[in-house]
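The values are calculated or read from the model by the stated rules, or taken from the named source; none is laboratory data. Please read these numbers as outputs of a predicted model, since none were measured by experiment. Glycine also receives a Cβ, built like all others from the backbone with ideal geometry; neighbour counts cover every protein chain displayed. Calculation scope for accessible area: heavy atoms of the full protein, side chains included, ligands and nucleic acids excluded. Shrake-Rupley method; radii C 1.70, N 1.55, O 1.52, S 1.80 Å.
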Amino acid sequence: MRIGKQDGAFTAIAESDAESITVRGFDLCDDLIGKIDFSDYFWLLVTGEKPNAAQRRMMDSCLVAIAEHGLVPSVQAARMTLAAGPDAWQGAMAAGILGMGSVVAGSSEQAGRFLVSVVEAADRMDGDIEKAATEAVSALNAERRKVPGLGHPQHSAGDPRANRLLAVAEEEGIAGRYIEALRVLAEIAPKIVSRPLPINVSGAIPATILDAGWPVDALKAVPILARTAGLSAHLLEESRRSIGFIMSHKADLAIEYDGEKPANKNAE
């Protein structure tokens, strides 16, 4: 990106004047408020087009699947932040979202980009998804890296959320090349890595919404939006019956200090 003066200073998302607000070509008050669901609005805002029924259901399903998963690190960070600053919901929410990375919640983007790379490689191999997937997994295995979208430390027998999302995609008739690539990866990866690697929700989310037409560059927005809803629930509960300092205390008890001791202590 060029730094400094730039040409083409435009946005196609929204504008407003004294009488109206326009969003993606629609009048906010006359065309959208009270007439469109939020997931439809999310799709419209990001892509510039309203979703069809199948796209809407797929997005809704993904948002519901990833919104809540217990006291994961991002939730703990948010709750402890609110406990320390009860008046700063925005800070606590930000702490939770910042805690979404390549391991928890944010892994959907990583898996999605991996699926895109496999499909693009298959296109260069006359559509041979199996060959492209085998080469991709073999390369990861040689570098001792995990296969994005596969495996789960808790749902080792298979992630039920992933299974349901893939079922919804089949029901809506939107299963395409990304879901095909994911299924092929799930079939060949255990043979190469020599351990079970079921499809996880971070693999199912990008596969299903990419096939539905969602842009790969906006994949990260889906878990962020979903977890914002879950964090809202945790922050309300935290404000009413706090466990933030309890979690902090438990962490202090669980971690043992093994650093240097003061000189006088070492002498004893």
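Once both labels are positioned 7 Å from their Cα atoms along Cα-to-Cβ, the gap between Ala84 and Phe10 label points is 4.6 nm.
In cubic angstrom, how much convex hull volume per residue do the alpha carbon atoms of the stretch 157-268 span? Before the final figure, lay out each step's value.
Values: hull volume 25.9 nm³, N = 112.
Cα-based convex hull of the stretch 157-268, divided per residue, equals 231 Å³.
Rolling a 1.4 angstrom probe over the protein heavy atoms, how many square angstrom per residue are accessible across the chain? Walk me through the numbers before you get to the answer.
On the way: 15470 Å² over 268 residues.
Computed with neighbouring chains in place, this is 58 Å² per residue.
Using the Cα centre of the chain as origin and beta-carbon charges of +1 (Lys, Arg) and -1 (Asp, Glu), tell me which of Ser74, Gly259, Val103 is placed farthest towards the positive end of the dipole. It is Gly259, whose Cα lies furthest towards the positive end. Once Cα extents along the principal axes in Å is worked out from the coordinates, which option in (i) 49, 41, 36; (ii) 63, 44, 29; (iii) 74, 59, 45 does it equal? Working out Cα extents along the principal axes in Å from the coordinates points to (iii). Under the convention that each Lys and Arg Cβ holds +1 and each Asp and Glu Cβ holds -1, the size of the dipole of the stretch 1-88 around its Cα centre is about 480 debye. Once you mark the chymotrypsin sites (Phe, Trp or Tyr not before Pro) that are in a DSSP loop and have at most 15 other Cβ atoms within 10 Å, what is the longest gap between them in the chain? My reading of the result: 11-256 is the longest stretch.
Using just its DSSP H runs of length 4 or more, each adding -39500 (n - 2.57), the chain gives a mean residue ellipticity at 222 nm of -18500 deg cm²/dmol after division by all residues. With every protein chain in place and a 1.4 angstrom probe, the accessible-area ranking of Asp60, Asp30, Asp126, largest first, reads Asp126, Asp30, Asp60. Scoring 209-221, 187-199 by mean Cβ neighbours within 10 Å over their residues and listing the highest first yields 209-221, 187-199. Across the stretch 66-182, C-alpha contacts under 8 Å between residues 6 or more apart give a mean separation that, scaled by the residue count, equals a relative contact order of 20 percent. Remark: the chain carries a charge dipole of roughly 860 debye about the Cα centre, counting +1 on each Lys and Arg Cβ and -1 on each Asp and Glu Cβ.
Ranking Ala136, His152, Leu115 by how far each Cα lies toward the positive end of the dipole of the stretch 105-190 (charges on Cβ) leaves His152 at the top.
Shown for the stretch 60-115: the carbon plus sulfur share of the solvent-accessible area, taken with all protein chains present and a 1.4 angstrom probe, equals 65%.
Could you work out the relative contact order of the chain, using alpha carbon pairs under 8 angstrom and six or more residues apart, expressed as a whole percent? The partial results should precede the final answer.
Values: 328 pairs, mean separation 66.3, N = 268.
Relative contact order for the chain comes out at 25 percent.
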